[in-house]
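First comes the structure, then the notes that go with it.
The values are calculated or read from the model by the stated rules, or taken from the named source; none is laboratory data. Remember, predicted model here, so these are calculated numbers, not experimental data. Every residue, glycine as well, gets a Cβ built from its backbone with ideal geometry; the counts of neighbours run over all protein chains shown.
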């Protein structure tokens with residue numbers, strides 16, 4: 001379905017459901033549908049951060065609860081009109097999420113289960129504070145006296161319509177976010193956060209934004225729910241039920257699809273209601289357990305898992321255009337200018353980096369001149385990869401400076417370095433595994449130096465896929481590529497960022513001789529288009545064919561620099577590679 | 001806030017140690033399957049309560065000594081653990097999905113408990129409940145002391161097994177890098193059955209301790225999840241002594257908070273401690 005079609009059908013379904021109160025059905029139906037919408041909001045909002053980015057939160061109950069108690073306090077104690085409390089409830093939940101995120105997202109280690117636990121702990125801390133302060137104080141808050149505006153024929157239709165409107169808004173947001181820059185970035189974070197950052201995705205800001213958005217929606221749902229239940233207690237509000245249920249619903253439905261959690265929420269709510277309402281309450285609960293187990297065992301991607309690929313393909317369909325000739329990567333120096341006198345594009349001065357006492361880089365000083373290919377050599381463990389990691393911003397240097405096009409970039413976040421025009425590849429390819437080859441490259445074009453809009457990025461991606469001869473594999477997942485193709489995918493991603501400087505980390509290692517030849521031709525092509533290249537390489541034949549100059553590192557220090565043939569004859573270089581001569 | 005006297009404080013620390021030992025014992029099995037098999041087993045809590053109810057039943061209906069019931073319960077639980085591992089291996093369940101599948105089991109076990117023993121609170125009246133020792137000015141209740149000893153024995157046992165035996169070393173190797181361990185002749189599948197079965201048997205032991213010192217109700221299964229998860233992560237998944245140490249740290253900090261302020265403030269201290277640890281702890285966590 002086209003994006004437009006999705007929005008239109010969402011509007012139509014919502015409008016149709018909005019007419020339900022006019023049918024005059026028993027209140028029971030409205031309450032049941034209210035619960036369905038309620039869980040759709042909670043599960044879908046949870047999915048915006050946790051499903052898209054893979055940061056599984058067990059703290060959704062905390063933000064839901066913050067909303068519950070904001071509305072309860074404002075409406076019951078300060079007599080704020082109910083509807084006015086809802087935006088406040090959302091805002092408080094979002095601010096709380098921002099406070100947690102500002103601390104937690106800064107610590108690189110806190111991912112996966114650590115993030116889950118931390119958010120769970122936040123729930124308990126918040127619950128205890130509310131329990132022990134006048135916000136609740138222990139006995140719970142009664143809201144039966146709060147006046148409720150009447151939309152439609154009865155009070156229960158007020159809740160029905162409010163929840164319906166919020167569910168519509170949440171689904172729309174989830175859909176838009178998923179297609180937007182934010183969503184693309186979150187999917188990249190899901191697969192490989194470090195690489196996403198190096199491709200120019202502002203991971204920290206994106207995680208914060210998604211967290212705040214997700215929690216604001218949960219907070220509003222909490223505000224509505226407070227009056228729906230009309231008596232709130234800490235025990236009920238902050239129980240493990242909310243976080244556990246939203247996780248279950250989302251995974252059951254499928255976390256990578258915007259509508260997955262809503263499907264899961266509908267199924268589970270219906271199951272719970274069907275089985276726990278009647279005489280078979282106990283057996284019904286067991287049935288829910290069995291259904292859950294069976295679905296996960298036989299459909300580990302969730303109910304919506306299968307449609308994932310089709311949906312991504314449908315989002316495209318513009319690509320029939322014949323890709324034009326590869327354009328210059330960037331308007332750098334003319335390729336045939338005398339390189340020795342070309343100005344320095346990258347200046348590295350006295351760079352130091354140590355890991356727990358091991359000095360990986362020691363006062364490294366070198367220049368990369370515009371338009372040149374600089375070969376970076378050295379034995380294993382000499383600091384080549386560390387140097388690339390520091391220049392691309394993955395590691396912060398301990399001391400020293402890195403100036404790129406006249407601007408100091410040492411220590412600034414990796415995504416800003418990427419946007420300023422530096423791209424890199426990984427020695428062991430690190431594609432985003434759940435994105436197609438085309439989406440991998442499109443993402444780089446959207447976030448890299450060029451920061452293109454999505455359609456422009458898709459055209460750019462098509463161009464580089466053709467350039468690297470991956471166009472036949474464009475709609476495959478990276479797992480379907482062989483090593484040679486994955487290395488080229490790394491190249492295509494780097495080039496789609498339109499960098500001035502490309503750092504190639506052992507692109508040729510592991511390739512067979514004919515693959516090396518084609519890769520060398522490709523790199524020559526790239527340089528002919530004006531990009532400056534730093535080439536970390538062990539394949540000496542390729543280095544000598546490609547490099548204008550060579551810098552040799554050993555034990556983190558520069559031991560030689562200059563023209564390839566001369567450098568390779570230097571005694572220090574020979575010693576570093578082969579050991580000292582016996583007679584020395 | 002008023003500072004309690006030394007006796008009260010001592011009693012608080014002691015009860016903190018005891019409840020911490022129970023935390024550690026409940027966390028031990030969870031930690032082992034998490035760290036060694038990559039499974040987050042929510043059903044561990046339900047298993048422990050099933051064990052507790054079985055102890056209760058065998059002791060009240062069958063008239064057995066609660067400690068003797070464990071001899072009957074442990075092999076059955078080991079088999080349950082093996083069966084569960086078979087299912088996980090057969091369907092290659094991912095860590096996140098293991099959470100969901102075991103939640104399904106939790107619900108099923110809860111239903112079984114509720115169907116057999118109803119949702120009412122139950123308390124085991126064994127000979128142990130009323131016995132208390134007096135050490136100096138402090139009271140030491142026997143059920144808690146037993147829990148403490150069982151927790152220490154099992155944690156130390158698991159630690160020694162992992163550290164000093166070939167089987168334990170193979171387990172750690174298989175957890176670190178399954179393909180390489182397999183290349184060195186480690187039979188990963190059999191070890192996984194052993195870990196899973198062992199963890200389930202430990203859940204049975206935790207159930208025995210729950211039955212001795214706590215009041216039982218099916219809904220209580222969920223009451224322990226938060227704090228035990230905290231204990232496991234703080235101790236480091238897969239490390240046998242971790243849960244006990246972390247459990248005692250959290251237990252004592254809770255008990256002292258209760259003695260110094262109001263009891264309801266206790267979770268703030270333990271979970272704030274956890275949050276700080278998670279954020280500040282350098283290196284592996």
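Values for this structure:
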| item | result |
| --- | --- |
| When residues of the range A:250-264 are limited to those that are surrounded by fewer than 24 Cβ atoms within 10 Å (Cβ to Cβ) and more than 14 Å from chain B (Cβ to nearest Cβ), the one nearest to residue A:37 (Cα to Cα) | A:263 |
| Test: residue in the range B:169-176 that is in contact with a helix residue (DSSP H, G or I) (Cβ under 7 Å, 6 or more places away or on another chain), within 14 Å of chain A (Cβ to nearest Cβ) and not in a loop (DSSP other than H, G, I, E, B) | no |
| Residue within the range A:85-93 that is surrounded by fewer than 24 Cβ atoms within 10 Å (Cβ to Cβ), more than 11 Å from every other protein chain (Cβ to nearest Cβ) and over 32 Å from the mean Cα position of the chain (by Cα) present | no |
| Selected residue (only one of A:519, A:576, A:572, A:580 is out of contact with any strand residue (DSSP E or B) (no Cβ under 6 Å at 6 or more places or on another chain) and assigned to a helix (DSSP H, G or I)) | A:519 |
| Within the range A:166-217, considering residues that are assigned to a helix (DSSP H, G or I) and free of Cβ contacts under 8 Å to residues at least 60 places away in the same chain, the one nearest to residue A:431 (Cα to Cα) | A:182 |
| Residue B:138 vs. criteria surrounded by 20 or more Cβ atoms within 10 Å (Cβ to Cβ) and more than 29 Å from residue B:219 (Cβ to Cβ) | no |
| So residue B:153, is it over 30 Å from residue A:283 (Cβ atoms), surrounded by 20 or more Cβ atoms within 10 Å (Cβ to Cβ) and more than 14 Å from chain A (Cβ to nearest Cβ) | no |
| Test: residue in the range B:230-237 that is over 21 Å from residue B:77 (Cβ atoms), away from every other protein chain (no Cβ under 14 Å) and surrounded by fewer than 24 Cβ atoms within 10 Å (Cβ to Cβ) | no |
| Number of positions in the range B:90-117 that are part of a helix (DSSP H, G or I), within 8 Å of chain A (Cβ to nearest Cβ) and buried (at least 20 other Cβ atoms within 10 Å of the Cβ) | 12 |
| Exclusive hit being in contact (Cβ under 8 Å) with a residue 12 or more places away in the chain, assigned to a loop (DSSP other than H, G, I, E, B) and out of contact with any strand residue (DSSP E or B) (no Cβ under 8 Å at 6 or more places or on another chain), set A:463, A:433, A:459 | A:433 |
| Sole exception among (1) in a helix (DSSP H, G or I); (2) in contact with a strand residue (DSSP E or B) (Cβ under 6 Å, 6 or more places away or on another chain) for residue B:160, by number | (2) |
| Among (1) surrounded by fewer than 22 Cβ atoms within 10 Å (Cβ to Cβ); (2) assigned to a helix (DSSP H, G or I); (3) modelled with pLDDT under 85, the one test that residue A:267 misses | (3) |
| Selected residue [under 17 Å from the mean Cα position of the chain (by Cα), more than 28 Å from residue B:144 (Cα to Cα), away from chain A (no Cβ under 12 Å) and touching a residue at least 60 places away in the same chain (Cβ under 8 Å)] from B:36, B:80 | B:36 |
| Search result, residues across the range B:118-131 that are surrounded by 13 or more Cβ atoms within 10 Å (Cβ to Cβ) and free of Cβ contacts under 8 Å to residues at least 40 places away in the same chain | B:131 |
| Options A:452, A:503; residue that is at pLDDT below 90 and touching a helix residue (DSSP H, G or I) at 6+ places or on another chain (Cβ under 6 Å) | A:452 |
| Sole exception among (1) buried (at least 23 other Cβ atoms within 10 Å of the Cβ); (2) within 30 Å of residue B:271 (Cα to Cα) for residue A:73, by number | (1) |
| Helices (runs of 4 or more DSSP H) (entirely within the range A:1-83) containing at least 3 residues that are over 16 Å from residue A:249 (Cα atoms) and either within 14 Å of chain B (Cβ to nearest Cβ) or touching a strand residue (DSSP E or B) at 6+ places or on another chain (Cβ under 6 Å) (or both) | A:60-76 |
| Index of the failed condition, residue B:266 passing every other in (1) modelled with pLDDT under 75; (2) at the interface with another protein chain (Cβ under 8 Å from one of its Cβ atoms) | (1) |
| Among the residues listed as B:198, B:251, B:204, the single one being away from chain A (no Cβ under 14 Å), closer than 15 Å to residue B:34 by Cβ and part of a helix (DSSP H, G or I) | B:198 |
| Residue identified as surrounded by 17 or more Cβ atoms within 10 Å (Cβ to Cβ), touching a strand residue (DSSP E or B) at 6+ places or on another chain (Cβ under 8 Å) and under 26 Å from residue A:54 (Cβ atoms) among A:423, A:410, A:445 | A:423 |
| Failed item, numbered, when residue B:238 is tested on (1) out of contact with any helix residue (DSSP H, G or I) (no Cβ under 9 Å at 6 or more places or on another chain); (2) at positive phi | (1) |
| Residue in the range A:230-249 that is surrounded by 24 or more Cβ atoms within 10 Å (Cβ to Cβ), more than 15 Å from the chain's Cα centre (by Cα) and farther than 27 Å from residue B:229 by Cβ present | no |
| Number of positions in the range A:94-103 that are crowded, with 17+ Cβ neighbours inside 10 Å and modelled with pLDDT under 85 | 0 |
| Those residues of the range A:540-567 which are surrounded by fewer than 19 Cβ atoms within 10 Å (Cβ to Cβ) and closer than 25 Å to residue A:511 by Cα, in sequence order | A:540, A:541, A:544, A:545, A:548, A:564, A:565 |
| Within the range A:94-137, tally of residues that are part of a loop (DSSP other than H, G, I, E, B), within 11 Å of another protein chain (Cβ to nearest Cβ) and free of Cβ contacts under 8 Å to residues at least 12 places away in the same chain | 5 |
